[in-house]
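Working notes, beginning with the structure itself.
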Amino acid sequence: MADRAADSSANRPQDFVQIAMEIVEPITKPPRSLVAEQFDDLEQQRDAAQLGMWVFLATEVLFFGGLFLGYTVFRSAYARDFAAASHHTEVLIGGINTAVLLFSSTLMALAVRAAELQKQKRLVWFLLGTAFFGLIFMVLKGVEYHKDWTNHLVPVLNFEWHDANPGHVQIFFWLYFAMTGLHAIHVTVGIFVMLVLAMLARFGKFTTGHHTPVEIAGLYWHFVDIVWIFLFPLLYLAGHR
Amino acid sequence: METTTHPAKTYWKTFAALLLLLALTWSIGYVDLGLFNVIVALAIAITKALLVALFFMHIKGSSRLLRLAATVGVIWLLIMLSLTLGDYLTRGWVPLNH
Amino acid sequence: MNANVATEIDIRTEGEFARDNYLSEHTVRSWLLTTDHKRIGILYLFTILFFFAIASVAAAMMRIELLHPTGGLVTSETYNKLFTIHGVLMVWFFLIPSIPTVLGNFVLPMMLGARDVAFPKLNLTSWYIFVAGGALATWSLIHGGVDTGWTFYTPYSTTYANSHVISMAAGVFVAGFSTIITGINFIVTIHRMRAPGLTWFRLPLFVWSLYATSLIMVLATPVLAITLGLISLERIWGVGIFDPKLGGDPILFQHLFWFYSHPAVYIMILPGMGVISELITCFSRKRIYGYAWVGCASMAIAILGFLVWGHHMFVSSQSVYAGMVFSVLSFLVAVPSGVKVFNWTATLRKGSIHFTTPMLYAPGFIGLFVVGGLTGLFLAALSVDVHVHDTYFVIAHFHYIMVGGMVTAFMGGLHYWWPKITGRLYPEMWGKLAALATFLGFNLTFFPLFVLGYLGQPRRYHVYPPEFQVFQVLSTAGASILGVGYVMPLIYFIWSAKRGRVAGPNPWRATGLEWQTPSPPPKHNFKQTPVVTGKPYDYSAEKDVDLDLASI
């Protein structure tokens, strides 16, 4: 197995250009072999990637979990205030956004299917579609945040609450922005990943029977969808309307 | 261990079910069930999450190991939630010795 | 040769130094862009030693300050910063990475018969992330450090501290991602890259312990990450969920923090226990007693370790009923550790014991870990803890486990695998002297602290009533001996890397696949993937071996 770094002996400035090329090169040129050198075959590589992504998703559950814990503790302590606060969330936008993400997840599942069936054009469109609806989600989120701003519901910046227990209501909105904000960051990362994959798919990278990156990106996207599936009722429907 | 994808119809049917559950959770959000609001809302959310995991994420038909990996995070989250709530919910209890 | 491994390997004659190994290339680029797990292990070794040195200087300054009841060397603010940086660096930048990222990275793929870990590029990335986290923490230190204690309790850390909390918290946050990546890598490697015939119950116990450790790494560390993020945001914006004035709860911080930090101590000790299993079997020339029990005990510790965090909060205003539950669960988690101690000891029985340097560290570990573990049980008893919480008793307890246990195991493992890593032996006489020095120095440093704590001296104070001085002086004296014991290996390891006696592939005549390759190993470990056909630790053929190790 070739050792790319085996030829040089000095550390001149030219070497650093060489280093940069070595990092960029694998992304743009087709790989020498589809199987990385630490693996015996394609199947082992795919199994490893899938397990790795699932373990990573478990870490994400606990990462968001800390915020869910905070939410649970304070909702049980301040149920009425949380209900009152929840009435002021933009439930229509939230509901539409839920549907948007569910639809993007469907497109993603279809993208993985297209990859497995080696239908390159379909794959590209489905990946772009996933990214597009992710973008719609973000745009609607922006609109929603703007509305929260005009309603003086943003802690730190312009929070005002003239009914009972403003401190408790502020905690609700702090958690609301923290949880939806962290989620939005994850959506943004996902959109970028989908766009990169779409570009790679366009150049034929996934038509050789090796489509693991699409699969595991899909797992990530579905996970982000699942987080929102829980966020929606907890934040927007906390008290009946 | 293969995760073969489903026929496209399966995905569309799953999507339809998810939208239905979304409508359900939305409308129940306008009904006062007291304590049950949150229970029903969570139950519906869990169902939706299961649909996404089973069909979109291909847990249905996956190896035992992947299914274990998928559930472990959730179980650990539940451990964190339950033992912490165990503290908060018992703080106001009457002390043992008077 | 181990009769249980059928493999075509190029083992050169005894005592020959393997040319063309993973160290052969000398360029900076080949080190900084390596994806070889062995080199990454060495990169980590240098990095953690750097932070160990800084944290040790902080400890030395504290011990000198504590020589006199009214202090005099530093102000109380500086003392607070010293114990904080000591804790932060030792916990997150030395203990947690130590065995997994140094010995684990180096040895794990070889123990599995693999060419590398599952995700070698991620492995390198994890090192760079670790360095970045360390840089942030060092930046914080240079600009005055933090005085909250390594535990960052609210509301002091969020509202009242005037020190560089956020940059320190950011450093730990970033380093946490390094831990998570390492954990994911190890889990996938162990599941997916075992050699043919290497079933779970044929794995070396070191692998079991790394697997259990990795589970904790991936499940606990994310909670620390979000918690550090939350206190940073609360500190920046003055709004959050921990401020009682706004309806928040500072105890919620403690729940979140200790949910991670208690399992974190098992991240620290489990790999050490795995090393001890390797050392005890090799140097008693015997199979481990109760292999399956020991392997399962690692898993039990990992799982049960998540259920006990409230024992750090007995006096925090946590509900007494929750305290009772946590207390019972804490007693429970001691059981699998007890199983391991019993099994190690039983392994020694009728063994053919060779007291090499690693085999001086191993029983040292067992004895000191027993003391540390038992005193942990004292602390788990609610009523006792009310008396000794936040006293030197707690400090003594965790140093017995962390230093007496974990660092001892790390030293033992480093000596054991040194010939594999460098192809050369360390000088045996100096190794034994250093082991003895650390054992004596350690006990003199930390045993008096049990007495001090029981007598009531609180922790994190740099001034104290004069009647406690004799114990503090004993402790500082011990610390200087301990320091010598740690500096000695630094010197002779560096010496031996170039001048030590050539070790050959298997100087200890140990079982295990890592000993079936040349020393130092070639880049891809094995010429051909080995096939495993027998049980681990089969020393039946090698019982009366002469481990000839001439000392210099």
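Every read-out reported here was derived from the displayed coordinates using simple, explicitly stated rules and does not represent laboratory data. In this text the structure is predicted, and so the values were computed from the model without any measurement. Virtual Cβ from ideal backbone geometry, glycine too; neighbours counted across all protein chains shown.
Using a 10 angstrom cutoff on alpha carbons, build the Gaussian network for chain A and name the most mobile of A:H152, A:H222, A:H186.
Greatest mean-square fluctuation among the candidates belongs to A:H152.
Output the 0 to 90 degree angle, nearest 10, between the alpha-carbon long axis of helix C:37-65 and the longest principal axis computed from the alpha carbons of chain C.
With rounding to tens, the tilt is 40 degrees.
Round to the nearest 10 and give me the degree value, 0 to 90, for the angle of helix A:91-116's Cα axis relative to the longest principal axis of chain A.
Computed tilt is about 20 degrees.
Per DSSP helix of 4 or more residues, -39500 (n - 2.57); summed, then divided by the residues of chain A. What does that give at 222 nm, rounded to the nearest 500?
Numbers: 7 runs with 174 residues, N = 241.
Helix contribution divided over all residues of chain A: -25500 deg cm²/dmol.
Based on the alpha-carbon gyration tensor of region C:477-523, what equivalent-ellipsoid semi-axes (square roots of 5 times the eigenvalues) come out, in whole Å, largest first?
Details: eigenvalues 181, 37, 15 Å².
Rounded to whole Å, the semi-axes are 30, 14, 9.
Shape call for the protein assembly as shown from the C-alpha gyration tensor, a ≥ b ≥ c root eigenvalues: rounded (a/c under 1.5), prolate (a/b greater than b/c) or oblate? Walk me through the numbers before you get to the answer.
Values: a/c = 1.85, a/b = 1.20, b/c = 1.54.
Because a/c hits 1.5 or more and a/b fails to exceed b/c, the protein assembly as shown counts as oblate.
Can you tell me how region C:459-502 classifies by the Cα gyration tensor, rounded, prolate or oblate, using a/c under 1.5 as the rounded cut?
Values: a/c = 7.73, a/b = 4.07, b/c = 1.90.
Prolate.
Which whole number gives the average count of other chain Cβ atoms within 10 Å of the Cβ atoms across peptide B:14-22? Please list the in-between numbers first.
Numbers: counts 4, 8, 1, 1, 9, 5, 0, 2, 7.
Neighbouring Cβ atoms belonging to other protein chains average 4 per residue here.
Would you compute, from DSSP H runs of 4+ residues alone, the mean residue ellipticity of chain C at 222 nm, taking -39500 (n - 2.57) per run and dividing by the full residue count, rounded to the nearest 500?
Computed ellipticity for chain C at 222 nm equals -20500 deg cm²/dmol.
Given an 8 Å cut-off on Cα distances and at least 6 residues of separation, report the relative contact order of chain A as a percent.
On the way: 212 pairs, mean separation 72.9, N = 241.
Rounded, it is 30 percent for chain A.
Tell me, B:K9, C:K420 in order of fewest to most beta-carbon neighbours within 10 Å?
Numbers: B:K9 8, C:K420 25.
By the 10 Å Cβ count, ascending, the order reads B:K9, C:K420.
Taking Cα atoms, how many degrees apart are the long axis of helix C:120-142 and the longest axis of chain C, rounded to 10 and kept between 0 and 90?
Helix C:120-142 sits at roughly 30 degrees to that axis.
Can you list, largest first and rounded to whole Å, the semi-axes you get for chain C by taking the square root of 5 times each eigenvalue of its Cα gyration tensor?
Values: eigenvalues 298, 124, 110 Å².
Semi-axis lengths for chain C are 39, 25, 23 Å.
Comparing B:I59, B:I44, B:I79, which has the greatest mean-square fluctuation in the GNM of chain B with Cα pairs linked when under 10 Å apart?
Of B:I59, B:I44, B:I79, the most mobile in the Gaussian network model is B:I79.
Once amide H atoms are placed 1.01 Å from N in the peptide plane, what residues at a sequence separation of 5 or more from C:V531, or on another chain, have their amide H within under 5 Å of its amide H?
Answer set, sorted by chain and number: C:A6.
How much mean residue ellipticity at 222 nm does chain B get from its helices, if each DSSP H run of length 4 or more adds -39500 (n - 2.57) and you divide by all residues, to the nearest 500 deg cm²/dmol? It would help to have the intermediate numbers written out before the result.
Values: 3 runs with 64 residues, N = 98.
Mean residue ellipticity, 222 nm, calculated: -22500 deg cm²/dmol.
If you take the square roots of the eigenvalues of the alpha-carbon gyration tensor of chain B and sort them as a ≥ b ≥ c, do you get rounded (a/c under 1.5), prolate (a/b over b/c) or oblate?
Numbers: a/c = 6.45, a/b = 1.55, b/c = 4.16.
Because a/c hits 1.5 or more and a/b fails to exceed b/c, chain B counts as oblate.
Hey, which of these cross-link pairs are over 28 Å Cα-Cα: C:K38/C:K527; C:K38/C:K535; C:K350/C:K535? The partial results should precede the final answer.
Numbers: C:K38/C:K527 16 Å; C:K38/C:K535 26 Å; C:K350/C:K535 20 Å.
Listed pairs above 28 Å: none.
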